[in-house]
Amino acid sequence: GESVGLHLPTLSVQEGDNSIINCAYSNSASDYFIWYKQESGKGPQFIIDIRSNMDKRQGQRVTVLLNKTVKHLSLQIAATQPGDSAVYFCAEGLDSWGKLQFGAGTQVVVTP
Amino acid sequence: NAGVMQNPRHLVRRRGQEARLRCSPMKGHSHVYWYRQLPEEGLKFMVYLQKENIIDESGMPKERFSAEFPKEGPSILRIQQVVRGDSAAYFCASSPLPTGRGGEQYFGPGTRLTVT
């Protein structure tokens with residue numbers, strides 16, 4: 001399944017399929033980008049980050065892609081599992097800041 | 001190593017009362033960040049503190065809100081004369097270094113403030 005921008009707040013994915021979550025970020029000068037996962041009633045949990053001088057980074061079952069030309073960030077989750085059900089946020093930051101600027105989030109629902 | 005601790009987890013206040021939210025960063029972390037989250041929205045930055053210093057408070061309302069991170073003890077976010085619009089989840093994060101320079105932000109479980 002694939003979400004298109006943050007105006008599509010819910011992504012339904014069948015267990016075992018790959019998920020693609022998209023994010024349009026706002027600041028072309030951002031130095032780094034982070035994906036967080038937030039389960040209901042909990043704080044955000046770090047998934048993966050990427051610096052602005054990279055266009056791809058892989059983790060365990062996750063890949064982040066960065067397209068600076070169109071200010072687009074995506075998170076790919078391979079073989080989505082029920083435990084992946086959560087809200088996913090992208091966040092951007094500058095090295096000169098301490099703060100992170102978060103997007104609105106995408107709810108991922110994994111169906112059996 | 002315990003994670004970021006926040007207390008209370010749930011706080012109910014009547015309009016006009018004061019709310020005090022506490023955050024104990026991870027051991028060895030001297031950078032603390034506070035964020036606010038309204039239902040079904042992303043987190044909004046409020047304030048960034050280092051020990052005894054406010055580094056960036058650009059996201060914090062000028063009135064009624066204050067934050068501190070004393071030399072000893074937890075960071076405190078204080079909201080005076082609460083109004084219904086203050087109802088939200090307040091998250092604290094900490095990092096060992098400034099974010100972006102190797103300092104990943106670790107988030108606490110949040111304090112859910114309800115103003116009645």
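Read-outs throughout are calculated quantities, based only on the coordinates presented, and are distinct from any laboratory measurement. Only a predicted model underlies this, so the values are computations on that prediction, with no experimental measurement involved. A quick note on method: Cβ atoms are made from the backbone with ideal geometry, for glycine too, and the neighbour counts reach across all protein chains shown.
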PRE zone check, label point 7 Å out along Cα-to-Cβ of A:Arg51, amide N under 20 Å, scope the stretch A:73-104, hits A:73-74, A:91-101
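Across peptide A:43-54, what mean number of C-beta atoms from other chains lies inside 10 Å of a residue's C-beta?
3
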Relative contact order as a percentage, the stretch B:1-47, C-alpha pairs under 8 Å and 6+ apart, gives 31
When A:Ile21, A:Ile47 are arranged by how many other beta-carbons sit within 10 Å of their Cβ, fewest first, they go A:Ile47, A:Ile21
Note on the stretch A:1-81: contact order normalised by length, alpha-carbon pairs under 8 Å, 6 or more apart, percent, works out to 33
Any lysines whose Cα falls less than 18 Å from that of B:Lys51, other than same-chain ones fewer than 8 residues away, would be A:Lys99, B:Lys27, B:Lys71
In chain B, taking the dipole from +1 charges on Lys and Arg beta carbons and -1 charges on Asp and Glu beta carbons about the Cα centre, the listed residue (B:Val115, B:Tyr35, B:Tyr90) farthest towards the positive end is B:Val115
Partner shielding of A:89-99, taken as the mean number of other chain Cβ atoms within 10 Å, equals 6
By Cβ neighbour count within 10 Å, fewest first, B:Thr99, A:Thr69, A:Thr106 rank A:Thr69, A:Thr106, B:Thr99
Residue separation between B:Arg64 and B:Met5 times 0.36 nm, minus their alpha-carbon distance, gives in nm 18.9 nm
Rounded to the nearest Å, the spacing of the alpha-carbon centers of the stretch B:71-116 and the stretch B:1-58 is 1
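Find, to one decimal place in angstroms, the Kirkwood hydrodynamic radius of chain B, where the mean of 1/r is taken over every pair of different Cα atoms and then inverted.
14.1
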Quick note on A:Glu92, B:Glu104, ordering by fewest other C-beta atoms within 10 Å, gives B:Glu104, A:Glu92
